[in-house]
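Working notes, structure below.
The values are calculated or read from the model by the stated rules, or taken from the named source; none is laboratory data. Remember, predicted model here, so these are calculated numbers, not experimental data. Cβ coordinates were reconstructed from backbone atoms using ideal geometry, including for glycine residues, and neighbour counts include every protein chain displayed. For the accessible areas, the whole protein counts, side chains as well, though only heavy atoms, and no ligand, DNA or RNA atoms are used. Shrake-Rupley method; radii C 1.70, N 1.55, O 1.52, S 1.80 Å.
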Amino acid sequence: MGLYKTDKSITYSITVVDNGSESPLVKRLLEFYHAGIIDKLFLLPRNMGIACASNIGWEMTPADVYCKIDNDTTPTRKDWILRLFKMWEHGDVLSNLGYANSREQLLKNPGAIDTPYGTMGVCSVNLGGTGIFIPQKVSNVIGYWNEEYGLYGAEDGDYGVRMQCLNFKQYYYLGEQYIRYDLDEADEARYVAHGLCKNTEFAKVMEHGGFYGLFRINNFLFNLCIRSPCVPRKYYVKDVDKNHYVVLGENKEYKYVEKSLYECTRLLKKYCQEGRANIYDETLFYKLKLVLKDCGQDMESFAKKISCGL
């Protein structure tokens, strides 16, 4: 409800994507929709993960700027979007804006910008996934959240790495002045009761089977400009029925991406197991680039798409 009460002096719409919740919550969301509190509602038949669900809302609600708000996040002031946009005008056009947990984090890096609407800090890593603002001008180049990490992975960290790959600016706002988190220990317990542990899910993408997990592999490939920062979608919307339920399909082309990432992992693992002193080797880079070129996920293919306007 706090989001609905946001100052209407700036045009916005509220899209809710439900990730397979139980019927009482779905019923409540339908009530919100019919009352006009929610502008668009999409119901997934099961939990498809944060990235997939967020991408559906992003895709189905075209706008100049996209903002992701998680279910545990509430605005603390009615004019929060207006003030953030006024502050953001002082930054680069090709940039993102997200929250800092503290003033120390806000001012950690040089280059902070003082404006009449607040201080905008510089982020050198990645912005948190909730309360983040991403312009269409950025997403046209870099794409959507990466759906490769499962239910609760590292999609926000992944997006930050891709922003850094292109030298796009990432800015902080002081979170406590605009948003708050309502998730408590009881809510965390409910995740566990449904067989989900966010920490466990995240750990899988960092390390897997005694070797690098997928996030660390991608981090390596993005940072060294081996893999394209514009990642493909794993799923697409086939249909939305009259009851707001989404029918998803899996992009056939993504199978080639999965195979290529598996081969990249195999090559890196083999290189490490052979006791190579340096994995930053041109021969290895060349092999990895060839693998990714087969599915169009190499930097050369990305550069061609950019030159042709994607």
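List of remarks:
- Those GluC sites (Glu not before Pro) in segment 203-310 that DSSP places in a loop and that have at most 12 other beta carbons within 10 Å: Glu253, Glu274
- Above-threshold pairs, the threshold being 19 Å between Cα atoms, out of Lys5/Lys68; Lys40/Lys137; Lys255/Lys305; Lys68/Lys204: Lys40/Lys137; Lys255/Lys305; Lys68/Lys204
- Heavy atoms of Cys123 accessible to a 1.4 Å probe, total area in Å² rounded to 10: 10 Å²
- Solvent exposure of the chain as accessible area per residue, Å², 1.4 Å probe: 53 Å²
- The stretch between Glu31 and Thr74 holds 13.5 nm of extra length on full extension. This uses 0.36 nm per residue minus the Cα-Cα distance.
- Simple spin-label estimate for Asp182 and Lys238 in nanometres, 7 Å along Cα-Cβ: 3.5 nm
- Heavy atoms of Glu148: accessible area, 1.4 Å probe, square angstrom to 10: 20 Å²
- Ser301-Arg46 FRET efficiency (beta carbon distance; Förster radius 30 Å; 0.05 resolution): 0.35
- Along each principal axis, Cα extent of the chain, largest first, Å: 60, 46, 43
- Relative contact order (%) - criterion: Cα under 8 Å, at least six apart; region: the chain: 17 percent
- Fully extending the segment from Asn109 to Lys270 would add 54.2 nm, taking 0.36 nm per residue of separation and subtracting the current Cα-Cα distance.
- Area accessible to solvent at Ser21, 1.4 Å probe radius, in Å²: 50 Å²
- Length gained when the stretch Met206-Lys8 is fully extended (0.36 nm per residue, less Cα-Cα span): 67.1 nm
- Heavy-atom accessible area with a 1.4 Å probe sorts His244, His90, His208, largest first, into His208, His90, His244.
- GNM flexibility winner over the chain from Gly20, Gly210, Gly118 (Cα, springs under 10 Å): Gly210
- Where both bridge residues fall in the chain, DSSP classifies roughly 65% of the beta bridges as antiparallel.
- With at most 15 neighbouring Cβ atoms within 10 Å, loop trypsin sites (Lys or Arg not before Pro) (DSSP) excluded, longest segment of the chain: 79-241
- Longest site-free stretch - the chain; sites: chymotrypsin sites (Phe, Trp or Tyr not before Pro), DSSP loop, at most 16 other Cβ within 10 Å: 13-279
- Structural descriptor for segment 19-165: relative contact order 26 percent, calculated from alpha carbon pairs under 8 angstrom and at least 6 residues apart.
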